[in-house]
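The values are calculated or read from the model by the stated rules, or taken from the named source; none is laboratory data. For clarity, every value in this text was computed on a predicted model and none was experimentally measured. A quick note on method: Cβ atoms are made from the backbone with ideal geometry, for glycine too, and the neighbour counts reach across all protein chains shown.
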Amino acid sequence: LMNRIIAKYSDVFQRATTAEEVRQAFSVKRIASLFGVEDGQAIESSFSMLRLFYQLGVRYMTLTHNCNIPWADQNNVDGVNSTLIENNGLTEFGKKIIIEMNRLGMLVDLSHVSKQTMIDVLNITQSTVIFSHSSAYSLCNHIRNVQDDVLELIVSI
């Protein structure tokens, strides 16, 4: 579907899988279209599925959405629903997923994940992370936003 939309509106959109392709799209006044996966549940705890998504052009993955997944906790565990904690951040398998994402060149999107999941990722990643649709908690007190102490960890990457 996305490829068809990009082809139909090629004067507006341009598919991008690398930073250079994003810059190139910008230089010709097109919108760089990056493919991503919202919710790591989509890979079904499978390295093969992660690699398949990468082969299909996916370059970032949001680890969780509104539910915990077998290897990472989502942000609702940080609030009044703290009884929902299942993994206390990333499991050992989850850490291996992050390492594989780094190896592939796939960005880790930390929107929707719990604070501990954020910290766990930031402690092991060797690559840039993104918060594709989060804000600073100190600016907007919402459970999905990122606390300052977590944002400060990004400086060390």
inquiry  = If E92 satisfies all but one of (1) over 14 Å from the mean Cα position of the chain (by Cα); (2) at pLDDT below 95, what's the number of the condition it fails?
reply    = (2)
ask   = Which one of M2, M49 is more than 29 Å from I119 (Cβ to Cβ) and surrounded by fewer than 16 Cβ atoms within 10 Å (Cβ to Cβ)?
value = M2
ask   = Within the set of pairs 6+ apart or on separate chains, which have a first residue in segment 8-35 that is surrounded by 11 or more Cβ atoms within 10 Å (Cβ to Cβ), a second that is in a helix (DSSP H, G or I), and C-beta atoms under 6 Å apart?
value = F13/I6; Q14/A25; R15/I6; A16/V22; A16/A25; A32/V22; A32/A25; S33/I6
request  = Would you be able to say whether some residue in segment 69-79 is of a type in the set (A, V, I, L, M) and farther than 29 Å from A16 by Cα?
outcome  = yes
key: Index of the failed condition, M101 passing every other in (1) free of Cβ contacts under 8 Å to residues at least 24 places away in the same chain; (2) among the hydrophobic types (A, V, I, L, M, F, W, C); (3) closer than 22 Å to M2 by Cβ   = (1)
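Residues checked against (1) under 17 Å from V37 (Cα atoms); (2) in the same structural domain as A19 (by TED's automatic domain parsing); (3) within 17 Å of the chain's Cα centre (by Cα):
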{"position": "V77", "(1), (2), (3)": "no, no, no"}
{"position": "I98", "(1), (2), (3)": "yes, no, yes"}
{"position": "D120", "(1), (2), (3)": "no, no, yes"}
{"position": "Y137", "(1), (2), (3)": "no, no, no"}
{"position": "D149", "(1), (2), (3)": "no, no, no"}
